[in-house]
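Peer 1: Structure in structure tokens, see below.
The values are calculated or read from the model by the stated rules, or taken from the named source; none is laboratory data. Bear in mind the structure is a predicted one, so any value in this text is a computation, not a measurement. As a convention, Cβ positions derive from the backbone with ideal geometry for all residues, glycine included, and neighbour counts pool all protein chains shown.
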Amino acid sequence: MNKDTEITNLIDAYLRGELSPAELAAFQQKRSGDPAVDLQVVEHENLVGHLNEYGNRVRLTSEMNAIHEEIEIEVLKREVKPELPVIYRMWNKYRVSTAIAATVAMIAVFGTLFSTGYFSQAISTNYTQMRRELNSIKRSQNALIKNINGKPVRGPVNPGQFGGTGFALSANGYVVTNYHVIKDADSVYVQNSQGEAFKVRQVYTDPVYDIAILQIIDPDFKLASLPYTFKKSAADVGQSVYTIGFPRDDQVYGEGYVSSRNGFAGDTVAYQVSIPVNPGNSGGPLLDNKGNVVGIINGKQKFADGAAFAIKSNYVLASIDAIPQDSLENKLVLGKRNLLTGLSRQDQIKKLEPYIFMVKVY
Amino acid sequence: MRKEVKSSVPADNEIILGILNDSKEILNRLYKTYFPMVLQLVLNNNGNEDDAKDVFQESVIVLYNKVKSGNFELNSKLKTFIYSVCRRLWLKRLNAQSRTVRNLEDFSDFIPIEDDMEKHEEKDRQFTLMENALQQLGEPCKTIIEDYYLQNRSMQEISEKFGYTNADNAKTQKYKCLQRLKKIFFQS
């Protein structure tokens, strides 16, 4: 055996404690005398240490495996994790995916509804109020007329933002129209068929019945006494009626018949009327053959032919009664005598003309 | 947290004493007391019983190394320690399998065990190194080394087992084997 082998065997014997006291002393001396031997001892000890750790772990694992064999795994499994019914297992497995899917679906649905403006529409989407949005075309037309004629147009130069129709309640300047025509208004003017505009103040508004009562401020304004009266009783279905309004800058006549006792979605405040109306007709009077006012045009149903609506005249009367008398500068006296009865339709319209106004809202 | 699995629990210091004395009986009781807890943890968190076995045995090895390293201080209940180690090991495995780990369903309290895990990882690395080194060593070196250093057999026995004419030949062989092992182990 060579020298290295001898030393290795010596170290092994030393580590195992197999050396006799004399041999141990000699070994110690050799080790302290020769650093190379000492290094060899340290290295050897280190390796054997790792070997031992390895061996311990292998032994421990095999011991544990033996113990593990004794355990009845299936029994233990049932104890620590009871089998759940299929539905619970599926739920446990897929609940997160389900939640994500549901969230995505909800975002998609509401996102689509939101982006298509579903939420911003009014509930009665197929009901439109017949006030007219005056557009820029008209503005340029007015300017054109002014230039050609070379004379100033009466009334405000700026055309109104919205327009509707109104008609006189009394000879001393009270006018009735729809609340929705004048709501949010800065100022309101009425313009008669001659093109004369008068500033009005709001005397009374009733958003529920969609009625607004205005008064022409000019104290000198005076009409001849009213040719029409207000019908207090309900109009009959089938009764033929007509209206005059301002869907454009001239008075437009339209005729039809009362088609239902109730208005949109069963609204008892209004009649359904089969009559051609357009934006701008709102607030116009609805008259019967005898020249009685039976209602005020206020809207029509979208996507339905000939379904317009008119506020019943007795609600107009109720509104007039509801005005606090103190707030009236002049007495509001309704027409008592009907001057239209018996006249032909053309004559009726001629007589009515000065009493019907375009309402301009700024 | 769901209900815990109860069983009669040996006292903690009894176990530690048993570990120091290499008591097989204590190992047995330790194993049977705490394995169900770990099985419950692993089964309820996407594992099977084999995973539970691996994780638990590794945690016992961590415990043994910690106790035998000498400066052992138990700052918590033994149960909490084992649970924490297993929980940590299982999380690591789940991550290694790149399964999405949301929240582990827990069955017990747990404590941070960063230091112990670091030590364990180092020891684990060396264990694997040694395992590979011995594997590379091949026969008969592997058996000679194991017999002599791990089984503590005498050179006489070994030379008889391998049919060497005398113990000195066996010693020379052992020396060569050890040199090779040293080379492989420290160089890898």
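Peer 1: If I filter segment A:182-211 down to residues being closer than 23 Å to residue A:299 by Cα and polar (S, T, N, Q), which single residue comes out as nearest to the chain's Cα centre (by Cα)?
Peer 2: By that ranking, first place goes to A:205.
Peer 1: Assigned by TED's automatic domain parsing to the domain that holds residue A:319, within 26 Å of residue A:300 (Cβ to Cβ) and in contact (Cβ under 8 Å) with a residue 60 or more places away in the chain - does that describe any residue in segment A:221-228?
Peer 2: yes
Peer 1: Name the residues in segment A:68-81 that are within 7 Å of chain B (Cβ to nearest Cβ), among the hydrophobic types (A, V, I, L, M, F, W, C) and surrounded by fewer than 18 Cβ atoms within 10 Å (Cβ to Cβ), would you?
Peer 2: Hits for segment A:68-81 are A:71, A:73.
Peer 1: Suppose the filter is part of a helix (DSSP H, G or I), more than 9 Å from every other protein chain (Cβ to nearest Cβ) and under 18 Å from the mean Cα position of the chain (by Cα); does residue B:14 pass it?
Peer 2: no
Peer 1: Does segment B:35-78 hold any residues that are of a type in the set (D, E, K, R) and modelled with pLDDT of 85 or more, and which are they? If you could, list the steps in order and put the result at the bottom.
Peer 2: If we filter segment B:35-78 for residues that are of a type in the set (D, E, K, R), which is where we start, we get B:49-51, B:53-54, B:58, B:66, B:68, B:73, B:77.
B:50, B:51, B:53, B:54, B:58, listed by residue number.
Peer 1: Considering only segment A:259-308, how many residues are among the hydrophobic types (A, V, I, L, M, F, W, C) and under 26 Å from residue A:346 (Cβ atoms)?
Peer 2: Number satisfying all stated conditions: 10.
Peer 1: Could you please let me know if residue B:55 is among the aliphatic types (A, V, I, L, M) and touching a residue at least 40 places away in the same chain (Cβ under 8 Å)?
Peer 2: Details: among the aliphatic types (A, V, I, L, M): yes; touching a residue at least 40 places away in the same chain (Cβ under 8 Å): no.
Judged against the criteria, residue B:55 is not a match.
Here is a yes/no grid of residues against (1) more than 11 Å from every other protein chain (Cβ to nearest Cβ); (2) out of contact with any His (no Cβ under 8 Å at 6 or more places or on another chain); (3) modelled with pLDDT under 80; (4) surrounded by 16 or more Cβ atoms within 10 Å (Cβ to Cβ):
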site: A:2; (1), (2), (3), (4): no, yes, yes, no
site: A:22; (1), (2), (3), (4): yes, yes, no, no
site: A:38; (1), (2), (3), (4): yes, yes, no, no
site: A:60; (1), (2), (3), (4): no, yes, no, yes
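Peer 1: Can you name the residue in segment B:53-74 that is in a helix (DSSP H, G or I) and aromatic (Phe, Trp, Tyr) and, of all such residues, is surrounded by the fewest Cβ atoms within 10 Å (Cβ to Cβ)?
Peer 2: B:64
Peer 1: Filter segment A:248-267 down to the residues that are at positive phi and without any contact (Cβ under 8 Å) to a residue 24 or more places away in the chain and list them by number.
Peer 2: Answer for segment A:248-267, where residues must be at positive phi and without any contact (Cβ under 8 Å) to a residue 24 or more places away in the chain: just A:266.
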